[in-house]
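The values are calculated or read from the model by the stated rules, or taken from the named source; none is laboratory data. Just so you know, these numbers come straight off a predicted model, no measurement behind them. Glycine also receives a Cβ, built like all others from the backbone with ideal geometry; neighbour counts cover every protein chain displayed. Heads up: the accessible areas ignore ligands, DNA and RNA and are worked out on the full protein's heavy atoms, side chains in. Shrake-Rupley method; radii C 1.70, N 1.55, O 1.52, S 1.80 Å.
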Amino acid sequence: MHVIRGLSADMEDLLCAQGRKQAEDFFRQLMFSCEHGQFLTPSAEAPQREKEVYQPRFSEHAKNGGKDVVIVTNCAPDDENSKNMIADFRAAAPFQTRVVNVREFPFDGGCLGCFGCAITGKCVYRDGFDDFLRQTIQTADGFVYAFTISDHYTHSSFKCFNDRQFCNGHRTVTHGTPIAYIISGDYRYENNLRMIVEGRSEVGGNYLAGVATDEENTSQQLKGLAESLAFAMEHRLSRPANFYGVGGMKIFRDLI
């Protein structure tokens with residue numbers, strides 16, 4: 001597939017002259033690239049190889065109290081790699097952890113983009129996801145997202161989980177909460193997925209403690225990830241957010 005560099009547009013760009021000019025310039029760039037073959041070169045395809053199922057290395061030990069870390073996953077019942085990586089992370093972690101599998105949540109559907117949640121914070125769906133999100137996920141001191149790569153992303157339940165978080169109505173409810181990822185698959189070859197992982201932390205003003213994969217030295221990566229997340233929570237590390245993460249929120253705070 002041919003690829004060109006995209007345009008990162010703001011919400012109100014079409015309402016100002018500069019934003020409209022940027023959109024027009026992007027379209028000119030698009031047409032020029034198509035006419036002259038100016039495309040970005042995609043990375044090499046992932047190697048075709050069979051992976052061994054990762055086996056846990058760590059034993060459970062006493063945990064420090066006072067911190068709550070939630071591991072959000074969409075692990076399938078037969079996904080041994082993800083299950084074992086999660087188990088090893090939990091064993092290596094110096095803090096208490098709990099696992100929430102979003103594949104099991106009864107979603108009524110994906111986000112409609114209706115913006116009905118902007119004022120009340122309540123979703124138009126009545127499947128209870130907004131309460132589930134706030135009471136089960138967002139109360140944690142740290143987030144860990146764990147999944148297996150499939151079709152250059154992961155199972156659709158994870159995208160539905162991410163999209164439905166729009167019920168926050170652009171409120172910065174998790175700003176500053178450290179996050180980490182446990183990913184099974186050839187992550188190094190997935191440029192788009194890496195951009196999503198890194199971009200989501202920047203947009204939300206979250207400190208990205210790291211990404212552990214099963215590509216190599218998995219046990220060391222998991223142990224290091226647990227230590228990095230513990231350090232981030234202890235020292236309250238965070239990242240400044242962009243317009244959508246913080247600046248855009250002031251409008252809605254003023255409204256409510």
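Extension gain for H175 to R194 (0.36 nm times residue separation, less C-alpha to C-alpha distance): 4.8 nm. With a/c under 1.5 counting as rounded, go ahead and sort segment 53-100 into rounded, prolate or oblate using the C-alpha gyration tensor (a ≥ b ≥ c being the square roots of the eigenvalues; past the cut-off, prolate if a/b is larger than b/c, else oblate). Judged from the Cα gyration tensor, segment 53-100 comes out oblate (a/c at least 1.5, b/c at or above a/b).
Take the Cα of T136, go 7 Å toward its beta carbon, and the backbone nitrogen atoms of segment 104-118 under 14 Å from that spot belong to 104-108.
Take each peptide in 137-147, 76-86, count the other Cβ atoms within 10 Å of every residue, and average; sorted highest first, the result is 137-147, 76-86. Each Cα pair under 8 Å and six or more residues apart adds its separation to the average, and for the chain the resulting relative contact order is 18 percent. Scoring 192-199, 208-215, 177-184 by mean Cβ neighbours within 10 Å over their residues and listing the highest first yields 177-184, 208-215, 192-199.
Out of all DSSP beta bridges in the chain, what portion is antiparallel? Express it as a percent rounded to 5. Of all bridge pairs located within the chain, approximately 10 percent are antiparallel.
Here is how the number arises for the chain: DSSP H runs of 4 or more residues each give -39500 (n - 2.57), the sum is divided by the residue count, and the result at 222 nm is -10500 deg cm²/dmol.
With protein chains left intact and a 1.4 Å probe, residues in the chain average 57 Å² of accessible area per residue. Only lysines eight or more places from K63 in sequence, or on another chain, were considered; those with a Cα closer than 27 Å are K83, K223.
Per-atom-type breakdown for segment 6-113 gives carbon and sulfur 52% of the accessible area (1.4 Å probe, protein chains only). Of the residues G116, G185, G205, which exhibits the maximal mean-square fluctuation in a Gaussian network model of the chain defined by a 10 Å Cα contact cut-off? Largest GNM mean-square fluctuation: G116.
Per q in 0.12, 0.13, 0.16 1/Å, what log10 I(q)/I(0) does a Debye calculation on the alpha-carbon atoms of segment 39-162 return? Result of the Debye calculation: -0.61, -0.70, -0.95. Under a model in which nothing but the beta-carbon of Lys, Arg (+1) and Asp, Glu (-1) is charged, the chain shows a dipole of about 740 debye around its Cα centre.
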